1. Out of C:210, C:281, C:268, whose Cα points farthest toward the positive end of the dipole of chain C (charges: +1 Lys, Arg; -1 Asp, Glu; placed on Cβ)?
2. Could you tell me what % of all Cα pairs in the stretch D:182-230 have separations over 12 Å?
3. For the stretch B:350-419, what's the radius of gyration and Dmax over Cα atoms, in angstrom?
4. Past the 20 Å Cα-Cα mark, which pairs from A:307/B:55; C:72/C:238; C:61/C:328; C:46/C:72?
5. How large is the translational diffusion coefficient of the stretch A:145-241 in µm² per second when you combine the Kirkwood radius over alpha carbon pairs with Stokes-Einstein at 20 °C and 1.002 mPa s?
6. Can you list, bin by bin at 20 Å, the percent of alpha carbon pairs in chain C, starting at 0?
7. List, largest first, the extents of the alpha carbons of the stretch B:78-197 along their principal axes, each in whole Å.
8. Rounded to two decimal places and with Rh computed the Kirkwood way over Cα pairs, what is Rg over Rh for the stretch B:265-337?
Amino acid sequence: MADSSRETAPAKTGAGTPKAGTGTAKVQAGTPQAGAGTSVPDGRARAWARDALRWDTVVGALLVVLLLCSFSFVDNFGNALNLSFLIGNTLPIAMIALPMTMLVVSGEIDLSVGSTAGLAGAVMGKLWNQGMSIETIIPLCILLGVVCGLVNGLLVTRLGLPSLAVTIGTLAAYRGIAQIVLGSNSVTDFPQQYLNFASDRLGGTFVPQAALPWVVLLVVAAVVLHATPVGRSLFAVGASQEAARFAGIRVKRMKLSMFVATGTVSALTGVFWALHYASARYDNATGLELSVIAGVLLGGIDFDGGKGTLGGAVAGVFLLGALQNVMSLVNVSAQSQTVVTGVLLVISVLAPRVARQAGRARARRKASAAPPPGALPATG
Amino acid sequence: MTDPEPERTPVLALEGVSKSFGAVRALRDVSLQLYAGEAHALAGENGAGKSTLIKALAGVHRPDSGTVLLDGAPVVFHGPADARDAGVAVIYQEPTLFPDLSVAENIFVGRQPRRSFGRVDHRAVKEATAALFARLGVDLDPEQPARGLSIADQQLVEIAKALSFDARVLIMDEPTAALTGSEVARLFGVVRALREGGAAVLFISHRLEEVFALCQRVTTLRDGGLIASEPVDGLTEDDLVRRMVGRDLDELYPKQDAEVGDVALSVRRLTREGVFTDVSFDVHRGEIVGLAGLVGAGRSEVARAVFGVDRWDAGEVHLDGRPLKPGAPSLAMAAGLALVPEDRRAQGLVMDMSIERNINLTGLRTTARAGLMDRGAERSRAVDWAVRLQVKYARLADLVGTLSGGNQQKVVLAKWLATGPRVLIVDEPTRGIDVGTKAEVHRLLSQLAADGLAVLMISSDLPEILGMADRVLVMHEGRLTAEIAREDATEESVMAAATGRGRSAA
Amino acid sequence: LTVAACGGTTKKSTDDAANSSGPKSSASANPSAATKKGLTVAYLPKQVNNPYFTISDTGGKKAVEALGEKYKEVGTSSGTDTAGQVSYVNTLTQQQVSAIAVSAQDPGALCTALNQARKNGVKVVTYDSDTNASCRDLFVSQASSEDLGRTEVQLMAKQIGNKGQIAILSAAQTATNQNTWIGFMKDELKKPEYKDIQLVKVAYGNDDAQTSFQQTQGLLQQYPNLKGIISPTTVGIKAAAQYLSGSRYKGKVQLTGLGTPNDMRAYVNNGTVQAFELWDPAKLGALAGYAAVALASGQITGASGQTFTAGDLGSFTVGQDSVVVLGKPTVFDKSNIGQFNF
Amino acid sequence: MTMTAEQPTPATAPEAPSTTGVLDRVLKVRELAIAVVLVVMLTATQLDNSAFLSQQGIKDLLLNATILVLVAVGQAVVVITRNVDLSVGSVLGISAFAAGDLLHGGGNPVLAVVVAVAVGAAFGVVNGLLVSLGQVPALVVTLGTLYIIRGLDSIWIGSRQITAADLPSGFTSFGHDGIGVVPYLALLTAVVLVAAAYYLRSYRSGRDMYALGSSPEAARLAGVPVRKRILAAYVTCGALAGLAGALYLARFGNVDSGTGNGYELTVVSAVVVGGVAFTGGSGSLYGAALGALLLTSINSVLPSIGVSSVWVQAIDGVLLLLAIAVDRVVALRVAGLLRKRAAQTRSAHHG
Ligand SMILES: Nc1ncnc2c1ncn2[C@@H]1O[C@H](COP(=O)(O)OP(=O)(O)OP(=O)(O)O)[C@@H](O)[C@H]1O
Ligand SMILES: Nc1ncnc2c1ncn2[C@@H]1O[C@H](COP(=O)(O)OP(=O)(O)OP(=O)(O)O)[C@@H](O)[C@H]1O
Ligand SMILES: [Mg+2]
Ligand SMILES: [Mg+2]
């Protein structure tokens, strides 16, 4: 039923407007559906059906199906080593996806994440070469991430520049600074216990040690986004900045802090990257932003802001990661993998739309067959 | 119920039209005939289905069943363009302008006058616009971008656009809701001329006196169903209200006398360059102060500045004796100030969020427990206020954008009243609200004032100001020109100050 | 995490530990062992679909299949996707191939993954672009870096008559092999016979046609008296040649470096370029294949001094640091370019 | 009754030339700011290095800009409709190869250009249909087609490449020759630019693109054929990317499966620097072209004043930030000025 209402909202026509793609995800997870004024007989069932059809749920389901199929049919997939590879290689994307989701929900975007990670790695290598202790370097690098995020955030909130443009600028600038800092060097001799932390697994399991901090971050982000006033405000800011401002929400501060969070986590990722691959170079994590964005988009986060769930984003990221892993194992070439990624992205926006249209057609048929009960929504 | 005049075919008609949105049946088997040379009013409460009916006529919605008849023959409009080509011009309830285009281009989009090789004649576009504005008595620059126009100016542009069609059928959904008397008078002059020239007019307004002033026939809807379609002659306002609401009208301006207490809001020499200058006034507890003025006088701007959404350049604002920081709505809210903004779609509501979320947007801190949202508290806060303001909704989880215009306005009120403010600024609080509910809103405001709330009420509806305000402030050209006590406030005295003539003592 | 290190972990405190990592093959070689059958040799070039690597990997395919083994090629479609290359190493480890022939995008980043592969019994040969010596069993070098660096200077010197300003147009600043070659070029230029040649600038075109174009333009504008450009990268030399051939500098400014005959044919024929050099990439790939099979069959372990036969390429001896050198590069000019097709 | 009061004597047809003049100037200022930056930058470089604006230098500057200008113009058309096409780099690559493949077999150069444009337009149709019929977010769809076209491109091309030797010499010399200092490619680009800009300004369908970018909802209600226009925008963008592909082939004489990789970010930067708003409805093609010219010129300026390539990327980024920041500050100033002007004229009218 929410579906058919969409037909009339004219704002949904232009492709660039708040869109249908993720429209069904807009009622946040778990909102109790049955209403006080409800006289709709099967409200609960429909609400459940609608929830099940939400794109983020679908992506989650797809991920589960993919994993199950791979366990049974793909050689070498299910063993601990491969799973740890899978998780380890997806981890940098999954890390940045957390703050990126929140930033995108608030209506902005940060393309400079890969460069920030690269810069953090480069600075880390440079300072390490100069003999500073790693325990000092890592906090410094994370601080650097804070600064990078601040620069993005201030340019966007204070000057009112579009974040897409600003972060394309800093995408180049941060990478350039990394190049100036580290030049052609590549630093590989980080202390062994740190390298081990970044690549070892937890006991005998397939879970990389580094996944633990990520899980902590995930929980924090999920709670903040979906269960706190801050999260509520983020959705409001993303859906209508002006209305949020009139509701007393500190829009600029909100956005600024999301940029800072993104910068910080990106720097953290940069540090992890350098340790995980045991190599700090200025071009570390090049192009990471596209992977993050592809995953987040696949998870149903709307780039116009105001819509999406963290679970969807994480599922999207891991779906892409797992798919790549499986395709490599079954010897699908890199080119074909690229095509599959693209097709998946297109489907991710087309499928909900097609499903909705089908649902609407069905509803119309039903409506013409049996006229609905005359009961009107009670007044108040 | 209806008695179609056999000798004439309606220019445009609906026959047995129904339209549902999910479980909401917005129109049920409604018929309507528009005749050339006749102005037809459409009356009904908020959510009765008026706008939906108009959209069915205009090809925006495809009816679930029933037909649209053009000159007696059934037609199917596949989109607004089809209706337009058939000579139907529509002013929708919410202005839909292109913010980046100039006012002139807004009016002529898709049908600009052309020169050789099909090129657009920019000059002719501009001149035609200027001529239209002259006819309407509107003072706008045709080349000005539409971005930043006040709601009233936007509405005027929409009117100019509709007039520019020289349409056979002119449909207007609450065109006057944001206008003051003088613009309305101008508009009616033009519409009468069109009607006499043979156009059919369909007009919606919640200001019943306008219905009586302009229209010959009136059709009333209730809950999506047709109640009556009859000549206006011989009807009284009370009759009409009874048809709409199904009962007798409560007193429209139930102003209670309240004890006037201490100064709650004090504004001193407030100035925002180029917008308003040297504005000073006080609002006391228990008092409703009306702020009147012509469209564009800068009333909304003062309210926005006081609340902190805009910065002010000079002056100060005190709330309960404590100074407010400029440009900080969150602090103003914390201090007990609430602002019901004039543009509900852009400022008042997040259209893509549910009713519940919208109402709770102002109470995120109060409904949270230990930093986490308390779903139960959120829900009961929303239900409580939605019920008190008689919002008509299917489920609280529905998008607020699916509500009718008047019900959206109620949600905005609910959202702010729920904060339990000490000073309430309402900017056009009853714009687009039906008479029955208007009385409710007035009673509520009056009650709140009686309980010690200080209310500043901005309104372009002069009777509302006169009926509700203890004191009337009048603005003209960004300055306060008069302060009139309730006893002395009359249409004449207020209009005199609003047009800048009688600079009576402040 | 940091509890252990009160004074902090610094570079010096870990220096000693760092060098000993990586599983050293302790098994001894048996030069007369039979070549095992049913081996799989996986090629992991820097970038798939890169014409250069396609030639060399095709050479590898022929060699591997001639020995009756299985050949496969995987890789990323971007030449700078180190993480992607790592995950391919991981995948190959999973698939238990016998040997990997890899051209490393990054000397350090692959180490963890490659060592993991070696722990799982996979032999690792690097070709074209090496990793750190501790992460692979053998490096098959296209030509000795020294040879390449010095001969390019010699080619250039001949073309400009031992006199004038020259510049270098390299690939990315991080390209290890480029940097090594440039080091030898600078060293060669110190010789007395080149005293009249000044190296004015090293520019980086990032192996991108447009950037290399603009860097070439910049060199010519900044140094109006420039006599020659050395570009030790196939992309760079191609872009520079295209720019020169369409500008007023054609024939006046000399260009040499590393290029493939097919890329450069038009420019040699129209007089933009006199001579340049390259090894035969197909032979490089083939040698990597033979080496990989020899390693997997236990004929060699990668220790210096061991010898193996590489089909009709002849017999090769492992040198210092487990490096095998293909041989001297070929110089291409108008007289011989017609005979080559790669 | 509320309609009794006297009317506030509205001025008939407020023909206010001062406001109009200011507005006119403002609209031009946006491009002017970039033009000024460009001129200052080029002059300064010339002072530092007199070889910079030599005949060859000017020719190079123009040649460097042509391909980016073409793609940026197409992109600007799409962005004006409040959409985006991220797949332009992939489209450029695949159409360049298509043209090259044709010439490789000894085809006709004109036909090759036509084929490239057609291939580009075909992908434009795909993007346009997906975006307009599916009514789905352009960013996601075109990120998807970016991957898809790139993948198809590399599957089709494999490791093949087109080199200068495969091309007719007339075609490659078309890539660098010209009339005086003005290369043919630049002339062609200029013609396309002027035609496209004139079309957007002076035809109803062109104005529709601005309208629907400004407010899709209002456009629908105004009867603008939204889908058709969006489709047209994408086809234009694709066709121009295809044309750019053909010119790329002529200019660089070399195409493989990596051609055009990552080009989308450069194009988007050019459009943004040129003052075309991502929220749709505003900006001009000339602005986008100037933005492209500015970006490519920076990359010519830096090497020729001897800045090490190590610094280039950082400087690029900072300059991009500066350009949009300056543009924004100017726009804010002008808006403030307008506000005061408007207030003044208003009081003058009523006064
Ligand atoms: N797009 C939509 N989706 C779902 N429900 C809708 C939609 N548009 C209208 N409705 C519902 O249809 C009913 C009629 O709405 P409509 O806008 O026609 O009322 P109205 O008579 O114009 O009221 P008002 O006087 O407040 O403008 C309302 O219950 C409203 O919630
Ligand atoms: N963002 C803006 N940019 C430029 N001008 C503006 C902007 N907002 C409002 N204005 C102009 O300022 C003037 C005063 O604003 P406004 O119309 O809101 O005052 P008002 O007295 O509240 O009128 P209304 O009855 O329409 O609410 C109007 O002429 C309006 O066009
Ligand atoms: Mg309505
Ligand atoms: Mg107002």
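The values are calculated or read from the model by the stated rules, or taken from the named source; none is laboratory data. Just so it is clear, the model here is predicted, and its values are computed rather than measured. Using ideal geometry, Cβ is built from the backbone for each residue, glycine included, and neighbour counts are taken over all protein chains shown. Quick note on the areas: whole protein, heavy atoms, side chains included, nothing else; ligands and nucleic acids left out. Shrake-Rupley method; radii C 1.70, N 1.55, O 1.52, S 1.80 Å.
1. Among C:210, C:281, C:268, the one farthest towards the positive end of the dipole of chain C is C:268.
2. Details: 755 of 1176 pairs.
Everything past 12 Å amounts to 64 percent.
3. So, for the stretch B:350-419, Rg and Dmax equal 11.2, 36 Å respectively.
4. Working: A:307/B:55 28 Å; C:72/C:238 30 Å; C:61/C:328 23 Å; C:46/C:72 15 Å.
Table pairs above 20 Å Cα-Cα are A:307/B:55; C:72/C:238; C:61/C:328.
5. Details: Rh = 17.4 Å.
Answer, rounded: 123 µm²/s.
6. Using 20 Å bins, I get a P(r) of 30, 52, 18, 0 for chain C.
7. Principal-axis extents of the Cα atoms in the stretch B:78-197, largest first: 44, 31, 26 Å.
8. Numbers: Rg = 11.6 Å, Rh = 12.4 Å.
Here Rg/Rh amounts to 0.94.
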